[in-house]
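Working notes for the structure below.
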Amino acid sequence: MKEAGLGPLQNGARVVIIGGGPAGTAAAIAIKKLASGMGRQIQVTIVEEKQFAGEQFHNLCVGVLSPPIAEMIENDLGIPFPRHLNHTPITGYVLHTGRRQIILDGAPEAEPSIALRRVQFDAYMLEAARQQGAEIVTARVTDVEFHTDQVVIYTNSAPLRADLVIGAFGSDEGAETFFEQAVGYRPPAALYSIVTKYHPGEPAMQNFGQRVHAFLPPNPFIEFGGITPKADHLTINIAGAALNIHVMDDFIHLNAVRSALPNLENAGRIKPKDLRYFKGRFPCGLAGKFWGDRYVMVGDAAGLVRAFKGKGVTSAVQTGVRAAQVILKEGISANAFKAYQAANHDIISDLPFGKAMRYFTITAARMGFMDIILRAAEQDTRLQQALFDAVSGRRSYQLILQQALTFTSVRKVLAALARQLAGA
């Protein structure tokens, strides 16, 4: 028996979604699509304070969209994947450790990841939600209030009343605070990120190619860094638990980073003072109480991402669709949302493996052991594939560890260690 008033949403119900990024817009589009197929009219309102159109702000997400993102958008949401946006297919990676590097390319027949401007993608998704019938309110949410029969969402424009509120606010600290006070929600553990852009010119961009350069430096403050090619520029980013502008300056001055950045001689720089840094956070663990009566969190707000390499946009769309299915088929009570947690078992069950790999990789990089692993991978295609899958986010960490921890791979790592100790 469904809890009174908390069963599947019916005709005339209203959903308010806080956040107009990929998780929020995917949830909105999926609700409208599924409800229409069931013969129900559900009012969906997205509250988003940023204006994506016109690219008036900088999104801190690097913007690499991993498969099966295109298939999900077209099949689950029923809208075209925005191939018309300026984008760069990512065909492979160059993984750098303290003293070594290795090229990691996927299978030629595999669908590439896509690097694009997140603000353009977000604008496309928000407009698609509008075209599907969602109302877009440009405002900032200031508080939420839960009652047995409704949720009141306060904004700096006008209050909204809803049967259900969906949290798609990413790592917004204000939204985290008022949900924490209202329902006991606990934000996920997070890492900091600093991002900047470098424009080396069109010829240099063509020479750079379609590989992302990923870095595992021995710097104790940096967990990983990257240089990602976009249509007309390179995105440079670092992540770690304690970052500031000096850490980013040090990263850009690393020999491996400067060697990877093109056209420095002709540009006569790249000086940190010439770059604009942007700082933010992204989750690296699961949130607490991310669902309950009349509310559910999706995407980053729920911490439903890969624990080390976020794959955030793909997970955001996935969790938005899954939330919509539960809302319309199971209900909007805490008990009904157990089905939402079960639907995300693939993400949640992999978090401990991702956390273990994260701590191992950080420790190994700082001790110089990742140099040895790369040396072994040069002679082991299975280990190369495991590294590619880990960097690209193509497979679960559980499967990656099973693939990497074979007798042959471990033996080759030990042999590489012996050669290094012998000075060979």
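Read-outs throughout are calculated quantities, based only on the coordinates presented, and are distinct from any laboratory measurement. Here the structure is a predicted model, which means the values were calculated and not measured. Glycine also receives a Cβ, built like all others from the backbone with ideal geometry; neighbour counts cover every protein chain displayed.
Brief remarks follow.
- Each Lys and Arg Cβ is given +1 and each Asp and Glu Cβ -1; about its Cα centre, the range 350-421 then shows a dipole of about 80 debye.
- Of 185, 154, 295, the residue with the greatest mean-square motion in the GNM of the chain, using alpha carbon springs below 10 Å, is 154.
- Net charge contributed by nearby residues that have their C-beta within less than 13 Å of residue 180 (K/R +1, D/E -1): -2
- Relative contact order (%) - the range 350-421, alpha-carbon pairs under 8 angstrom, separation at least six: 38 percent
- Cβ-based exposure ranking for 350, 300, in which fewest neighbours within 10 Å come first: 350, 300
- Structural size metrics of the range 191-282, computed from C-alpha coordinates, are Rg and Dmax of 12.5, 36 Å.
- The candidate values are [x] 20.9, 70; [y] 23.1, 79; [z] 22.4, 74; the one derived from this structure for Rg and Dmax of the Cα atoms in Å carries the label [z].
- Candidates 406, 45, 155: whichever shows maximal mean-square fluctuation once the chain is modelled as a Gaussian network with Cα springs under 10 Å: 406
- Of the three principal axes defined by the Cα atoms of the range 350-421, the extents in descending order read 34, 25, 19 Å.
- Whichever aspartates and glutamates have a C-alpha closer than 18 Å to that of residue 412, once near sequence neighbours (fewer than 8 apart) are set aside: 371, 378, 380
- Of the beta bridges in the chain, as assigned by DSSP with both residues counted there, near 70 percent are antiparallel.
- Counting only DSSP H runs of at least 4 residues, each contributing -39500 (n - 2.57), and dividing by the residue count of the chain, the helix-based mean residue ellipticity at 222 nm comes to -11500 deg cm²/dmol.
- In terms of overall dimensions, the range 1-40 has a Cα radius of gyration and Dmax of 11.7, 35 angstrom.
- When only alpha carbons are used to place a centre, the range 107-127 and the range 141-156 end up 34 Å from one another.
- Residues of type aspartates and glutamates that residue 230 reaches as a straight line, Cα spacing below 12 Å, ignoring anything fewer than 8 places off in the same chain: 202
- Above-threshold pairs, the threshold being 22 Å between Cα atoms, out of 197/279; 289/355; 32/329; 197/355; 329/355: 197/355; 329/355
- In the chain, taking the dipole from charged Cβ atoms about the Cα centre, the farthest positive-side position among 242, 282, 115 is held by 242.
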